[in-house]
1. Among the residues of segment A:106-148, count how many are part of a loop (DSSP other than H, G, I, E, B), modelled with pLDDT of 95 or more and farther than 20 Å from residue A:60 by Cα.
2. For segment B:11-32, give me the residue count where each residue is farther than 30 Å from residue B:305 by Cα, within 11 Å of chain A (Cβ to nearest Cβ) and within 16 Å of the chain's Cα centre (by Cα).
3. Do you know which residues across segment A:71-86 are part of a helix (DSSP H, G or I) and either away from every other protein chain (no Cβ under 14 Å) or modelled with pLDDT of 95 or more (or both)?
4. Can you tell me which residue in segment B:93-104 is farthest from residue B:243 (Cα to Cα), limited to those that are without any contact (Cβ under 8 Å) to a residue 60 or more places away in the chain and outside any loop (DSSP other than H, G, I, E, B)?
5. Looking at segment B:258-304, which of its residues are facing chain A (nearest Cβ under 10 Å) and either part of a loop (DSSP other than H, G, I, E, B) or at pLDDT below 95 (or both)?
6. Select, from B:195, B:244, B:251, the only residue that is part of a loop (DSSP other than H, G, I, E, B) and closer than 25 Å to residue B:87 by Cα.
7. Does residue B:39 satisfy the criteria of being at pLDDT 95 or above, crowded, with 16+ Cβ neighbours inside 10 Å and under 23 Å from residue B:158 (Cβ atoms)?
């Protein structure tokens, strides 16, 4: 957590987009006839599962790490992550000529651990239920002189994540579409902070919604109460990628003023959205990356008759979980 | 089969691309770090599974049906198909304001049958092992005055399918890449005929390979012998989308002069490619659509050190078959 808070602005997102050009994938914005008929809306899906390393996290990580100086690159980076940020950091570190050490929960999907190792990242495990990853990460970073790359409490990270929505905004314009509603998965709130900044800059009348798992709906409750609420648990959802204790202090300083509200979807609804994306969109989305799509499919965010942008934030999912999702068909 | 043969040229593909603008999806050309490391090549994957109706077939069907006159549209279209062409025809018919009646094999994946029905197409079943779909289709078309939309023996169909490779060629140019090798699934040969015409126009030095299932490698054997060879069987492959008795007469008149050769992959290799695409590319590819990717992953086409374009032609696959593919991981 940075203090004093130093939130990024729209121009930081535009700057990040320039930095990411040629490194990040300009992911496609998908539409689908069945999806539109099912929802009665005009729905566009930003397929960040097709991003390098399988999620939007590469964007923020690359934006942050590419700004390290030569001395910092010699010492390397440190990150803590449920998996997607880990892969993004490992890849961005390798591409920028530095090393990464990553704290990952012991129950992280195998595919995410292997993704980190593919990029040469060193994995250190922690227990998601009993250990504080922020404290552990900070301690290792200090001991080894590594630059800590936090998952969301950093203006460069937020600005990098916002480039996905900046692209989506441009892609919707190419399709002659103006979003009435934008729905984005929310964990710590970095992606949705950048998403809101980018989307509301271009479309000030759009309403931006957070999508979360039931029981881990800290954003929904925080937006209702006006203060950062804390989840009772940190385990027990299929949406491992977006389970965090509470909205970040920095991300909340942005999101509290820009979000229309939050929608909570059940595990079954998230899995049904994964299956829908498999069957109709032909993309692989992980449960945590599918909560915004689930919010549209279930009607938890009212979208009938509207033009909608949904962020499908990642696709790193183990085989067993994916098979479970397909069983819901 | 048309006689005399009237093969399309490159300009017919460019014309089809104009006609498809705003109707077909400009599907993304994907690359992947793991794929490049695994193969030692620079591989680009044209993700036609993300096309409208889940496969490239929409392109040819739309190009053909959009040219029907008002009288023809009153009577409707007729098609025979293992599934993907069926969905493409049903969608193109609906969008062009006409009706479609479709002959589908009784063992076609349920998802493909439902795809046809979503678009208002009327399904008539036939037995893939004992009935001749060409004869049945022609009889119904004549009785009802419907325009027969064949799956590949038609210059508008071939030109429409070629627009995928035309896009891929443009997308590779945007990425600063020139294909040394192009690999494309081959059933009747319409997609690969259009693919070769488009690719070799822009890249005359490229070598274009057909990918097929073992035991249904009529293209590979025909290219070796110089005449249209016939498969012994018409059932028994997981690659249902690309099982045809022999190269089409019209498609062969194009392909015989432009292809470098054929590569046959086993069922297990096709399923492993489906699983690879799920895990790393985050796209849903059906076994028949994954044979070109399988040809690269297995090394059946030599690509080490080369720049490669692979066509992933479709993603319409039933849950059970997909689960079987994931078990290969």
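1. 1
2. Within segment B:11-32, residues that are farther than 30 Å from residue B:305 by Cα, within 11 Å of chain A (Cβ to nearest Cβ) and within 16 Å of the chain's Cα centre (by Cα) number 1.
3. A:71, A:72, A:73, A:74, A:75, A:85, A:86
4. B:94
5. Within segment B:258-304, B:282, B:284, B:285, B:286 meet the criteria.
6. Answer to the selection: B:244.
7. When the stated conditions are applied, residue B:39 does not pass them.
So that you can scan it fast, the table gives a plain yes or no per residue for (1) over 13 Å from residue B:315 (Cβ atoms); (2) in the same structural domain as residue B:165 (by TED's automatic domain parsing):
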position: B:22; (1), (2): yes, yes
position: B:43; (1), (2): yes, yes
position: B:47; (1), (2): no, yes
position: B:51; (1), (2): no, yes
position: B:63; (1), (2): yes, no
position: B:67; (1), (2): yes, no
position: B:79; (1), (2): yes, no
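The values are calculated or read from the model by the stated rules, or taken from the named source; none is laboratory data. Here the structure is a predicted model, which means the values were calculated and not measured. Virtual Cβ from ideal backbone geometry, glycine too; neighbours counted across all protein chains shown.
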